[in-house]
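Inspection log for the structure reproduced underneath, given as structure tokens.
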Amino acid sequence: MRIDAVTLFPGMIDVPLSESIVGRARQEGFLELGFANPRDFTEDRHRTVDDKPYGGGTGMLMMAEPVYKALKSVRKKGSCVILLTPKGRRFDQKLALELAKKKHLVFICGHYEGIDERVTPLADLELSIGDYVLTGGEPAAVAVIDAVTRLIPGVLKKSDATVNETFTEGLLEAPHYTRPAVWRGKKVPQELVSGNHKLIAEWRRAQAEALTGKARPDLAPAKKKIRGAAKK
Ligand code: ADE
């Protein structure tokens, strides 16, 4: 997979995505990550990328032309162009799975107060990572690229590592424990040390349903199952 980011601050994406699993995925060629900086597509002496909003208001806006030219330098036929904005569709695991199937993603990261609205139609998708306002699209791009990269086949060594995890089945994950079996007086649940795989699977399912019902009752499949279970 190839991902390009249109950003004034490539380091905000490049640096965090050079570590750990995504860093290794890049080194091993599972992910090629590139950058196009609108500042490199300006023509004035000051390399201006922002200006005051028409109609007044605080802050500066990114100008359309440098963003357009930067996007044009990386966009190919078949690219999926994603504009990161708090006004976008909420990112979730289902969308991460869809995006992981694409060959080329391009993220447009707004900074300052955002981008000239006329750039918006250039995107196939407007995406938000949550109901809060970041200083720019870059930290959102990091989150989305991380979630997508770990779903590229071969990136996670264990092929089943993404099967039983949080959100894949619409449930939060059951708690996990590692050695020692007793830590500061706290024991690992008996079921997990029983060696009985059926019992372990049942325990994990029950824990996942209970946890989801308590922490995230809004997750629809969990709601249905818990309601069903309550009727019995
Ligand atoms: N840019 C600023 N805030 C954002 C958010 N919550 N999601 C995506 N992009 C953003």
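The values are calculated or read from the model by the stated rules, or taken from the named source; none is laboratory data. As the structure is a computational prediction, the values presented were derived from the model and not from experiment. All Cβ positions, even for glycine, are placed from backbone atoms using ideal geometry, and neighbour counts span all protein chains on display. Heavy atoms of the whole protein, side chains included, go into the accessibility calculation; ligands, DNA and RNA do not. Shrake-Rupley method; radii C 1.70, N 1.55, O 1.52, S 1.80 Å.
Before moving on, here are some points about what is shown:
- Amide H within-cut-off set for Glu173, under 5 Å, with H built and near neighbours excluded: Thr166, Phe167
- Rounded accessible area per residue of the stretch 2-149, 1.4 Å, Å²: 54 Å²
- Database remark: amide H of Val106 closer than 5 angstrom to the amide H of Asp4, Cys80, Val81, Ile82 (H placed geometrically; neighbours at sequence offset of 5 or more, or on other chains; Pro and chain starts carry no H).
- Per-residue HN-Hα couplings for the stretch 139-149 [Karplus 6.51, -1.76, 1.60; θ = phi - 60°; Hz; x = Gly/Pro]: x, 5, 4, 4, 4, 5, 5, 4, 5, 6, 4
- With the charge dipole of the stretch 168-223 set up from +1 on Lys and Arg Cβ and -1 on Asp and Glu Cβ about the Cα centre, the Cα lying farthest toward the positive end among the listed residues Pro180, Leu211, Val193 is that of Pro180.
- Carbon and sulfur %, accessible surface of the chain computed with the full protein complex present, 1.4 Å: 54 percent
- Calculated FRET efficiency for the pair Glu173/Val193, C-beta based, R₀ 22 Å, to 0.05: 0.70
- Dipole magnitude (debye, nearest 20) for the stretch 114-203, charges at Cβ of Lys, Arg, Asp, Glu: 880 debye
- In a reduced charge model with +1 at each Lys and Arg Cβ and -1 at each Asp and Glu Cβ, the chain shows a dipole moment near 1340 debye about its Cα centre.
- Ignoring aspartates and glutamates fewer than eight residues from Lys157 along the same chain, the ones with Cα atoms less than 13 angstrom from its Cα are Glu28.
- Ile200/Arg24 FRET efficiency (R0 45 Å; Cβ-Cβ; nearest 0.05): 0.90
- Given R0 = 30 Å, the distance between the Cβ atoms of Glu165 and Glu117 translates into a calculated FRET efficiency of 0.20.
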